[in-house]
Amino acid sequence: MMTLRDVSEWMEDKITNATWRINSYDRSLEKVICTRNLASARDKMTIGGLANKSTAVKGISIIVHWSKNPDETEKIAQSVYELFNGQKPLISGYQVVLCKMRNDEPISLGIDDSGIFDYVIELWITYQRDRKE
């Protein structure tokens with residue numbers, strides 16, 4: 001089963017100047033990317049049960065908590081978005097077959113109390129359940 005850590009570690013290789021967190025982060029820090037579960041009911045059971053099911057779905061919400069510069073923050077959020085949009089990467093041995101983006105671009109969450117801009121990227125990753133080693 002694909003985990004938040006799997007997704008975070010895969011992204012770490014692509015965006016190297018970030019602090020990576022899972023589920024929560026310190027809002028006083030800059031250049032933080034946090035992955036969280038995205039609640040959904042997209043993974044439907046096949047006829048015949050789990051034994052006949054070849055794919056699974058992982059809902060991901062990615063928070064980009066970057067800097068006091070709105071343009072810089074938006075550019076980083078867009079680069080994270082492009083890691084998934086239309087892509088079929090191999091993440092921790094799981095072959096992705098579809099990245100279904102919730103929105104057409106990263107969504108601005110505005111500015112926090114520290115003056116740092118935030119964006120969110122939400123998607124559902126459909127992947128092959130058989131992990132390649």
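For Lys58, which lysines qualify as cross-link partners when the Cα separation must be under 30 Å and same-chain residues fewer than eight apart are set aside?
Result set, ordered by chain and number: Lys14, Lys31, Lys44, Lys75, Lys88, Lys100, Lys132.
Hey, what's the per residue convex hull volume over the C-alpha atoms of the chain, in cubic angstrom? Kindly include the intermediate steps, with their values, before the conclusion.
Values: hull volume 13.4 nm³, N = 133.
Expressed per residue, the convex hull around the Cα atoms of the chain is 101 Å³.
Please compute the per residue accessible area over the stretch 61-133 with all protein chains in place, 1.4 Å probe, rounded to a whole number of Å². Intermediate values should be presented prior to the final figure.
Numbers: 3740 Å² over 73 residues.
Ligands and nucleic acids excluded, the figure is 51 Å² per residue.
Between Glu82 and Thr3, what is the label-point separation in nm under the 7 Å Cα-to-beta-carbon projection?
With each label placed 7 Å out from Cα toward Cβ, I get 3.1 nm.
Treating each Cα of the stretch 54-108 as an identical point scatterer and ignoring solvent, apply the Debye formula and state log10 I(q)/I(0) at q = 0.14, 0.17, 0.20, 0.28 Å⁻¹.
-0.44, -0.61, -0.79, -1.21
Spin-label point model (7 Å from Cα, Cβ direction): what's the Lys14 to Asp112 distance in nm?
Output for this residue pair reads 2.3 nm.
In whole percent, how big is the carbon plus sulfur part of the accessible area of the chain, probe 1.4 Å, protein atoms only? Provide the component values of the computation, followed by the final result.
Details: 3350 of 7400 Å².
In the chain, the share of accessible area belonging to carbon and sulfur is 45 percent.
Using a Gaussian network model of the chain with C-alpha springs under 10 Å, which one of Thr55, Thr73, Thr16 is most mobile by mean-square fluctuation?
Thr16
GNM, the chain, Cα, under 10 Å: largest mean-square fluctuation among Ala56, Ala18, Ala39?
Ala39
The values are calculated or read from the model by the stated rules, or taken from the named source; none is laboratory data. Predicted model, so just to flag it, every value in this text is computed and none were measured. We place every Cβ from the backbone using ideal geometry, glycine too, and count neighbours over all the protein chains shown. Quick note on the areas: whole protein, heavy atoms, side chains included, nothing else; ligands and nucleic acids left out. Shrake-Rupley method; radii C 1.70, N 1.55, O 1.52, S 1.80 Å.
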